[in-house]
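To start, the structure under review is shown below, and the notes come after it.
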Amino acid sequence: MADRFDIAIVGAGMAGASLGAELAPHARVVVLEAEDRPGYHATGRSAAFWEECYGGPEIVPLTLASGPYLRERGVLSPRGALYIGRDSEADVLDAFIERFSASGATLERFGREALERQVPGIRAAWTGAVWERACADIDVAGLHAQYLGAFAKAGGRLETRARAMRIERMTDGWAIGTAHCGRIEADILVDAAGAWADDVAALAGMRPLGITPLRRTVAQLRVDPPPPDDLPLVLDISGAFYFKPESGRLWLSPHDEVPSKPCDAAPEELAVAEAIDRLQHVVDWRVEAVEHKWAGLRSFAPDRRPVYGFDPADDAFFWFAGQGGFGIQTAPAAARLGAQLLLGLERDAMTRGLDEALYSPARFG
């Protein structure tokens with residue numbers, strides 16, 4: 001006889017783990033993870049930071065609502081962020097501040113003198129910046145472990161090596177045939193499969209939403225001089241790179257977004273070379289070695305907003321996907337909102353200011 005649950009969540013990355021932790025106190029929940037361990041793909045490869053503006057104004061409410069939870073659980077470390085620009089990009093920097101003026105993000109315009117204090121060795125071409133003081137590093141592994149621990153403590157069941165091979169719609173829910181733990185039945189199926197979200201939907205007979213995985217490359221460099229421990233996160237205002245210090249090394253990305261099939265993503269040598277070339281136009285540091293490089297898939301819906309809610313065609317299929325590169329920094333508010341929508345619970349202080357229509361799958365018609 002198949003094991004029966006109220007809710008089956010496909011995917012045990014940050015999305016599935018956080019939602020599972022919110023749901024488990026109220027329902028019998030199983031999380032099905034295809035890999036040997038949860039968080040192997042995007043969650044385990046994130047150079048995550050909590051940055052108020054990341055993802056655009058429509059993501060800011062989720063980010064700000066998540067901040068207190070992340071701070072209270074000790075997974076944030078102050079960093080600060082600088083969006084830097086050249087003389088020719090002064091208007092772009094000003095427009096950036098204007099774009100977020102009503103969002104609640106706290107931003108300040110910096111000139112060359114302040115920029116030199118923040119980024120030693122910055123080249124003369126870079127003359128201005130937008131400073132976002134609240135930016136912080138996120139202990140991704142710590143947050144993910146906290147959610148998995150809370151899920152288990154509340155009675156949730158995690159199955160690894162449980163790739164969904166078949167999904168069948170029954171009159172009273174779903175039957176999921178898995179690679180390792182046999183047949184699982186559930187009243188509600190949650191698609192939290194990240195890069196595989198559309199594949200899971202199609203397997204369940206649902207219409208895919210066009211959630212596209214985009215590859216992001218990061219390299220760990222040894223540079224001379226070593227980056228200061230208090231160096232902020234530095235981002236190009238035009239989106240060509242970002243870098244930050246990490247344990248005496250520099251983490252650098254060319255901010256690439258290369259469409260990919262769902263896979264175990266690998267870094268491209270060209271992307272790493274492009275990132276280093278861009279860095280050398282920013283600072284006068286010498287790159288001594290590429291010590292490590294990796295890539296992850298960040299998955300976006302067509303309008304780049306996340307998708308939270310029941311599919312309009314089936315009120316037993318719940319989307320929790322398309323969280324792009326902001327899925328970790330918004331996890332607390334997203335998971336709380338997702339659980340409230342799924343269970344019909346009242347909003348609380350964390351979610352009361354969120355507009356669920358922005359993230360509803362119904363927006364795709």
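The values are calculated or read from the model by the stated rules, or taken from the named source; none is laboratory data. The shown structure was predicted, so the numbers you read here are calculated from the model rather than taken from an experiment. Cβ coordinates were reconstructed from backbone atoms using ideal geometry, including for glycine residues, and neighbour counts include every protein chain displayed.
Here's the yes/no breakdown for (1) aliphatic (A, V, I, L, M); (2) in contact (Cβ under 8 Å) with a residue 12 or more places away in the chain; (3) assigned to a loop (DSSP other than H, G, I, E, B):
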residue: V30; (1), (2), (3): yes, yes, no
residue: R37; (1), (2), (3): no, yes, yes
residue: S77; (1), (2), (3): no, yes, no
residue: L93; (1), (2), (3): yes, yes, no
residue: T106; (1), (2), (3): no, yes, yes
Kindly indicate whether any position in segment 317-325 is at pLDDT below 95, outside the structural domain of V223 (by TED's automatic domain parsing) and among the small types (G, A, S).
-> yes
Restricting to strands (runs of 3 or more DSSP E) lying wholly in segment 186-283: which have 3 or more residues that are of a type in the set (S, T, N, Q)?
-> 212-224
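So is E89 farther than 28 Å from L148 by Cα and either of a type in the set (D, E) or out of contact with any Lys or Arg (no Cβ under 9 Å at 6 or more places or on another chain) (or both) or not?
Values: farther than 28 Å from L148 by Cα: yes; either of a type in the set (D, E) or out of contact with any Lys or Arg (no Cβ under 9 Å at 6 or more places or on another chain) (or both): yes.
Against the criterion (farther than 28 Å from L148 by Cα and either of a type in the set (D, E) or out of contact with any Lys or Arg (no Cβ under 9 Å at 6 or more places or on another chain) (or both)), E89 qualifies.
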Kindly provide the set of residues from segment 132-168 that are among the aliphatic types (A, V, I, L, M) and within 15 Å of G182 (Cβ to Cβ), ordered by number.
-> A162, A164, M165, I167
What is the number of the single condition among (1) buried (at least 21 other Cβ atoms within 10 Å of the Cβ); (2) under 18 Å from E116 (Cα atoms); (3) among the β-branched types (V, I, T) that T217 does not meet?
-> (2)
Can you pull out the residues in segment 113-127 that are of a type outside the set (F, W, Y) and touching a residue at least 60 places away in the same chain (Cβ under 8 Å)?
-> Q118, V119, P120, G121, I122, R123, A125
Give segment 123-135 a look and list any residue that's surrounded by 21 or more Cβ atoms within 10 Å (Cβ to Cβ) and of a type in the set (A, V, I, L, M), or say none.
-> A129, V130
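Looking at segment 235-254, which of its residues are under 22 Å from V92 (Cβ atoms) and not basic (K, R)?
Restricting attention to segment 235-254, the residues satisfying the condition of being under 22 Å from V92 (Cβ atoms) are 235-244, 252-254.
Residues satisfying the conditions are L235, D236, I237, S238, G239, A240, F241, Y242, F243, L252, S253, P254.
Results for (1) surrounded by fewer than 19 Cβ atoms within 10 Å (Cβ to Cβ); (2) of a type in the set (S, T, N, Q), shown as yes or no for each residue.
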| position | (1), (2) |
| --- | --- |
| A65 | no, no |
| R79 | no, no |
| D91 | yes, no |
| A95 | yes, no |
| S103 | yes, yes |
| L107 | no, no |
| A114 | yes, no |
Of all the residues that make up segment 122-180, how many are within 25 Å of the chain's Cα centre (by Cα), small (G, A, S) and closer than 25 Å to A204 by Cβ?
-> 3
What number of residues within segment 160-185 satisfy the criterion of being without any contact (Cβ under 8 Å) to a residue 24 or more places away in the chain and part of a strand (DSSP E or B)?
-> 4
Here are V272, V287, V234, V223: which of them is β-branched (V, I, T), farther than 30 Å from A186 by Cβ and surrounded by fewer than 20 Cβ atoms within 10 Å (Cβ to Cβ)?
-> V287
Within segment 66-75, count every residue that is part of a helix (DSSP H, G or I) and over 15 Å from the mean Cα position of the chain (by Cα).
-> 4
